[in-house]
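Here's the structure we're looking at; comments come further down.
The values are calculated or read from the model by the stated rules, or taken from the named source; none is laboratory data. Just so we're clear, the structure is a prediction, and the values are computed from it rather than from any experiment. Methodologically, a virtual Cβ is constructed for each residue, glycine included, from the backbone with ideal geometry; neighbour enumeration extends over all protein chains shown. Quick note on the areas: whole protein, heavy atoms, side chains included, nothing else; ligands and nucleic acids left out. Shrake-Rupley method; radii C 1.70, N 1.55, O 1.52, S 1.80 Å.
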Amino acid sequence: NAGVTQTPKFQVLKTGQSMTLQCAQDMNHNSMYWYRQDPGMGLRLIYYSASEGTTDKGEVPNGYNVSRLNKREFSLRLESAAPSQTSVYFCASGPYEQYFGPGTRLTVT
Amino acid sequence: GENVEQHPSTLSVQEGDSAVIKCTYSDSASNYFPWYKQELGKRPQLIIDIRSNVGEKKDQRIAVTLNKTAKHFSLHITETQPEDSAVYFCAASRSNDYKLSFGAGTTVTVRA
């Protein structure tokens, strides 16, 4: 039982490049979430998926897209990375008691 | 949307003393209030939570209190130990959408 897993752990992108962050959970949760964490700002919700086949915007969705591939997997895509997207990204699954993945540290230069 | 404010941003306590972190929220429909602990370089982990039909909940050395009328809730850590040093986040959500709104975090340092 791995809980919530994320890949990659670290990534460096140049401005304008694209990439997809992968997340998977094996806890049979319906809801999955993507957050970003920046110093002094807590965790901010980017997108969430209340159930397979549905996605909705969170607090800071601009510059991101998501796909709920199936009940287990929820991916986050940056189409054209910008330095402002340098952050630590966490995936979580829930609903109420949200369990977080180990995070992806992304740097955009 | 929900706005959660957390105070203080940093807290230094002597080992064995108590630590208190306070949060306020804006949305009166919020009814679920978890607390997360995040050690350096690690993922946030749920340590305790409370729902709006309960005023207080305790788990060993940690307790959470909720005042729905005033829209604030607090985390209390008693008999602090060095392993309690971490960043603590409060959060709030409604039951109909499960979206958590987080406070900015409190860095707790326990001095030996």
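State to the nearest 20 debye the size of the charge dipole of the protein assembly as shown about its Cα centre, where the only charges are +1 on K and R beta carbons and -1 on D and E beta carbons.
360 debye
Computed over the Cα atoms of the stretch A:9-101, what is the convex hull's projected area averaged over all directions, in nm²?
5.7 nm²
Quick check: pseudo-label points 7 Å beyond the Cα along Cα→Cβ at B:Arg111 and B:Ser28, how many nm apart are they?
Here the answer is 4.3 nm between the modelled labels.
Could you check the simple spin-label distance between A:Gln17 and A:Met41, using points 7 Å along Cα→Cβ, in nm with one decimal?
2.2 nm
To the nearest 100 Å², how much accessible surface do chains A and B cover up together, summed over both, with a 1.4 Å probe?
Approximately 1700 Å², summed over both chains.
Run down the lysines and flag those whose C-alpha is under 27 Å from the C-alpha of A:Lys9, throwing out any fewer than 8 positions away in its chain.
The reachable lysines, counting only those whose Cα sits under 27 Å from A:Lys9, are A:Lys57, A:Lys71, B:Lys37, B:Lys42, B:Lys99.
Using only alpha-carbon positions, what ratio does the radius of gyration of the protein assembly as shown give when scaled by 2.2 N^0.38 Å?
The reported ratio for this selection is 1.02.
Within the stretch A:1-18, find all residues whose amide N lies under 13 Å from a label point positioned 7 Å from the Cα of A:Asp26 along Cα-to-beta-carbon.
It comes to A:1-6, nothing else.
Grab the beta carbon distance between B:Leu46 and B:Arg94, set R0 = 25 Å, and tell me the FRET efficiency rounded to 0.05.
0.90
Rank B:Gln60, B:Ala19, B:Gln6 by how far each Cα sits towards the positive end of the charge dipole of chain B (+1 on Lys, Arg Cβ; -1 on Asp, Glu Cβ) and give me just the farthest.
B:Gln6
Relative to the Cα centre, what is the charge dipole magnitude of chain B, using +1 at the beta carbon of each Lys and Arg, -1 at the beta carbon of each Asp and Glu, and rounding to the nearest 20 debye?
Its charge dipole is roughly 260 debye.
Pop out the carbon and sulfur fraction of the accessible area of the protein assembly as shown as a percent, whole number, probe 1.4 Å.
47 percent
Lys/Arg Cβ at +1, Asp/Glu Cβ at -1, dipole of chain A taken about the Cα centre: which of A:Ser67, A:Met19, A:Tyr96 is farthest positive-ward?
Ranked along the dipole, the leading option is A:Met19.
Ignoring ligands, DNA and RNA, what accessible area per residue does the protein assembly as shown give at 1.4 Å, in Å²?
Spelled out: the 1.4 Å probe surface of the protein assembly as shown, per residue, equals 48 Å².
Pop the C-beta distance of B:Lys68 and A:Glu52 into the FRET formula with R0 = 35 Å and round what comes out to the nearest 0.05.
My answer for the efficiency is 0.55.
What percent antiparallel are the DSSP beta bridges of the stretch A:5-109, to the nearest 5?
90 percent
Rg to Rh ratio, chain B, alpha-carbon atoms and Kirkwood radius?
For chain B, the value is 0.96.
How well do other chains shield peptide A:29-36, expressed as the mean number of their Cβ atoms within 10 Å of each residue Cβ?
Per residue, the number of nearby Cβ atoms from other chains is 1 on average.
Which residues belonging to the stretch A:62-109 lose at least 20 Å² of 1.4 Å-probe accessible area when the assembly is complete, relative to their chain isolated?
Listed in order, they are A:Phe90, A:Pro95, A:Tyr96, A:Glu97, A:Gln98, A:Phe100, A:Pro102.
Looking only at other chains, what is the average number of their beta-carbon atoms within 10 angstrom of each beta-carbon in B:93-106?
If you average over the peptide's residues, the count of other-chain Cβ atoms is 5.
Based on Cβ point charges of +1 for Lys and Arg and -1 for Asp and Glu, what charge dipole magnitude is obtained for chain A about its Cα centre, in debye rounded to the nearest 20?
That gives a dipole near 260 debye.
So the label point goes 7 Å from the Cα of B:Lys57 along Cα→C-beta, right? Which residues of the stretch B:12-41 then have their backbone N under 13 Å from it?
Backbone N within reach: B:31-36.
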